[in-house]
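Written below as structure tokens is the structure these notes are about.
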Amino acid sequence: QVQLVESGGGSVQAGASLTLSCAVSGGSFNNYDMGWVRQAPGKERDFVAHINWSRGTKFYVDSEKGRFTVSRDDTKNTLFLQMSDLKPEDTAVYYCAAGQTPVRLGQVSDYQFWGQGTQVTVSS
């Protein structure tokens, strides 16, 4: 059973940076696509970033290109989301997600496994 545990959220001022981590366990992930998804209060879950675990290929939602960077350390089975120049509109619960390859890019419903989420709050 795939298990995902996020950490690294917090409350920051606009313009700050944060790095979220996701500890991944439960088997080999060479056939998995991993993603970060966020959910703002009162809104649906939105795709943020995607990485293929074995190839390392990445994909981002257009609005976050240049500010967010997704990466993984396969020696530590950890997924990361580096966020810079944070804005109040980035405030959300951020989820780590996994799905068997191929996950359609940007399709939140294709991810089969989810972490519990970590809160990111950005104040102006």
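The values are calculated or read from the model by the stated rules, or taken from the named source; none is laboratory data. Since this is a predicted model, take the numbers as computed values, not measurements. Here Cβ is always computed from backbone atoms with ideal geometry, including for glycine, and neighbour counts include all displayed protein chains. Ligands, DNA and RNA are stripped out before the accessible areas are found, and what is left, the full protein with its side chains, is counted by its heavy atoms. Shrake-Rupley method; radii C 1.70, N 1.55, O 1.52, S 1.80 Å.
Just to confirm the filter: which GluC sites (Glu not before Pro) across the stretch 17-124 are DSSP coil and have at most 10 other Cβ within 10 angstrom of their Cβ?
On the way: sites: GLU44, GLU64, GLU89; in loops: GLU44.
Taking the stretch 17-124 and a limit of 10 other Cβ atoms within 10 Å, the loop GluC sites (Glu not before Pro) found are GLU44.
Please give every one of the aspartates and glutamates within straight-line cross-link reach of LYS87, meaning a C-alpha to C-alpha distance under 12 Å, and leave out same-chain neighbours fewer than 8 residues apart.
Within the straight-line limit of under 12 Å, LYS87 reaches these aspartates and glutamates: GLU64.
Suppose every K and R has +1 on its Cβ and every D and E has -1 on its Cβ; what is the size of the dipole of the chain about the Cα centre, in Debye to the nearest 20?
Details: 11 positive and 12 negative charges, 25 e Å.
Magnitude of the dipole: close to 120 debye.
Pull up the cross-link candidates among the aspartates and glutamates for LYS43, meaning alpha carbon to alpha carbon under 14 Å and not fewer than 8 places away within one chain.
GLU89, ASP90
I need the trypsin sites (Lys or Arg not before Pro) found in the stretch 1-77, filtered to DSSP loop residues with at most 15 other beta carbons within 10 Å of theirs. Write down the numbers at each step before the final one.
Details: sites: ARG38, LYS43, ARG45, ARG55, LYS58, LYS65, ARG67, ARG72, LYS76; in loops: LYS43, ARG55, ARG67, LYS76.
Loop-located and lightly packed - LYS43, ARG55, ARG67, LYS76.
Carbon-plus-sulfur fraction of the accessible area of the stretch 1-53, 1.4 Å probe, in percent? Walk me through the numbers before you get to the answer.
Values: 1050 of 2460 Å².
Roughly 43 percent of what the probe reaches on the stretch 1-53 is carbon or sulfur.
Calculate what fraction, in whole %, of the accessible area of the stretch 56-124 sits on carbon and sulfur atoms when a 1.4 Å probe is rolled over the protein chains. Kindly include the intermediate steps, with their values, before the conclusion.
Details: 1670 of 3500 Å².
With neighbouring chains kept in place, the figure for the stretch 56-124 is 48 percent.
When all alpha-carbon pairs of the chain are counted, what percent fall beyond 25 Å? List each step's numbers first, then the result.
Working: 1185 of 7626 pairs.
Summing the P(r) of the chain above 25 Å gives 16 percent of all pairs.
Of THR118, GLY99, MET83, which is farthest on the positive side of the dipole of the chain, counting Cα position, with +1 on Lys and Arg Cβ, -1 on Asp and Glu Cβ, and the Cα centre as origin?
Positive-end residue among those listed: GLY99.
How large is ³J(HN,Hα), in whole Hz, for each residue of the stretch 113-124 in order, when computed from phi with the Karplus curve 6.51 cos²θ - 1.76 cosθ + 1.60 and θ = phi - 60°, using x for Gly and Pro?
10, 9, x, 7, x, 9, 7, 10, 10, 10, 9, 8
Whole-Hz Karplus ³J(HN,Hα) for the stretch 71-87, in order, using 6.51 cos²θ - 1.76 cosθ + 1.60 and θ = phi - 60°, x for Gly and Pro?
7, 9, 10, 6, 7, 10, 6, 10, 9, 10, 9, 8, 10, 10, 6, 5, 10
Using the heavy atoms of the protein chains and a 1.4 angstrom probe, tell me the accessible area per residue for the chain in square angstrom. Each step should come with its number before you reach the end.
Numbers: 6180 Å² over 124 residues.
Normalised by residue count, the accessible surface of the chain is 50 Å².
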